Amino acid sequence: MHPAQPELDPTAKPPVVELVQVHKSFNVGEPTEVEVLHGIDLVLRSGEFVAVMGPSGSGKSTLLNIVGLLDRPTQGQLKINGIETTTLADHALTQLRGRSIGFVFQYHHLIGAFSTLENVMLPMVGLQGYPTSAIEKRALELIDSVGLLQWRDTPATRLSGGQQQRVAVARALIMQPTLLLADEPTGNLDTKSADAVFELFRQVNRAHGTAVLLVTHNPLLAGRCDRTIQVIDGMVPR
């Protein structure tokens, strides 16, 4: 018999996200200034599947927007794939976000008049400037992987809620991101559809080592993640 292989230390995997003392304030310098995030430290490594939980208004979505480079921290450091982002110009942030981060939200944000194929191709076509056979091939592979190949030419408005969310997952993956951010992606779905979407995230996470940060209010889904981060009053308790 061969000796059992030791488990790999998860801390040996490269960090995809690193936050050091990240603060976020709104209306800075005005009488209505308010600080929403208060010195958050966070490391998310390649291959990790992490849930983010906390009460409404705790700062979860603000944290996700900062990690997703949709907003900038007021203070602190944020690295994505080892790149310090807080000093990058807007166009450099846009490029890094487009190439490294996939997004899935509670509302799928598909273009209703576009087909499944066109919606999935959109991020890569936007970067390339025009569609190519290679982009279409990649999109069809993803559509097949989420079980929607027979609906490739169906307009998004004719798909069910669960199908639309699976299209959104495929679209988020077309750039082969190292980080997948999901903000209540199953919040509008029935239990069966929610489970199917969650399993899609898990498959991508395990097959490609994609780091997943999932905001959810569902403790059952959080319990299926590798670990859970609690955000309380804009802080992550140690």
Discussion item. So in region 108-130, with the set limited to residues that are surrounded by fewer than 17 Cβ atoms within 10 Å (Cβ to Cβ) and touching a Gly at 6+ places or on another chain (Cβ under 9 Å), which one is farthest from residue 158 (Cα to Cα)?
Written reply: 127
Worksheet entry | Residue under evaluation residue 212, criteria (1) aliphatic (A, V, I, L, M); (2) at pLDDT below 90; (3) under 22 Å from residue 96 (Cβ atoms), criterion not met | (2)
Discussion item. Need pairs with beta-carbon distance below 7 Å; first residue over 15 Å from residue 185 (Cβ atoms) and within region 96-115, second among the hydroxyl-bearing types (Ser, Thr, Tyr) and surrounded by fewer than 19 Cβ atoms within 10 Å (Cβ to Cβ); sequence gap 6+ or separate chains.
Written reply: 112/157; 115/154
Worksheet item: Do we find that residue 47 is in a strand (DSSP E or B) and either touching a residue at least 12 places away in the same chain (Cβ under 8 Å) or buried (at least 18 other Cβ atoms within 10 Å of the Cβ) (or both) in this structure?
Response: no
Worksheet item: Taking region 223-238 only, how many residues are modelled with pLDDT under 90 and either under 23 Å from residue 177 (Cβ atoms) or β-branched (Val, Ile, Thr) (or both)?
Response: 1
Item to complete: Being small (Gly, Ala, Ser) and within 21 Å of residue 62 (Cα to Cα) is the filter here, so list the residues in region 203-227 that pass it.
Response: 211, 222
Worksheet item: Out of region 185-196, which residues are in contact with a Gly (Cβ under 9 Å, 6 or more places away or on another chain), free of Cβ contacts under 8 Å to residues at least 40 places away in the same chain and surrounded by 15 or more Cβ atoms within 10 Å (Cβ to Cβ)?
Response: 189, 193, 194, 196
Worksheet item: Can you tell me which of 19, 37, 69 is crowded, with 17+ Cβ neighbours inside 10 Å and at positive phi?
Response: 69
Item to complete: Among the numbered conditions (1) in a loop (DSSP other than H, G, I, E, B); (2) under 18 Å from residue 64 (Cα atoms); (3) modelled with pLDDT of 90 or more, tell me where residue 217 comes up short.
Response: (3)
Discussion item. Quick check on region 201-211. Is at least one of its residues more than 16 Å from residue 106 (Cβ to Cβ), of a type in the set (A, V, I, L, M, F, W, C) and without any contact (Cβ under 8 Å) to a residue 24 or more places away in the chain?
Written reply: yes
Worksheet item: Would it be correct to say that residue 203 is more than 17 Å from residue 123 (Cβ to Cβ), modelled with pLDDT of 85 or more, among the polar types (S, T, N, Q) and loosely packed, with under 15 Cβ neighbours inside 10 Å?
Response: yes
Worksheet item: Restricting to region 57-80, what's the tally of residues that are out of contact with any Asp or Glu (no Cβ under 6 Å at 6 or more places or on another chain) and either part of a helix (DSSP H, G or I) or free of Cβ contacts under 8 Å to residues at least 12 places away in the same chain (or both)?
Response: 7
Response to the item:
With criteria (1) at positive phi; (2) under 18 Å from the mean Cα position of the chain (by Cα), residue 147 comes up short on (2)
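The values are calculated or read from the model by the stated rules, or taken from the named source; none is laboratory data. From a predicted model like this one, the values you see are computed outputs, not experimental measurements. For neighbour counting, all protein chains shown are included, and Cβ atoms are generated from backbone atoms with ideal geometry for every residue, glycine included.
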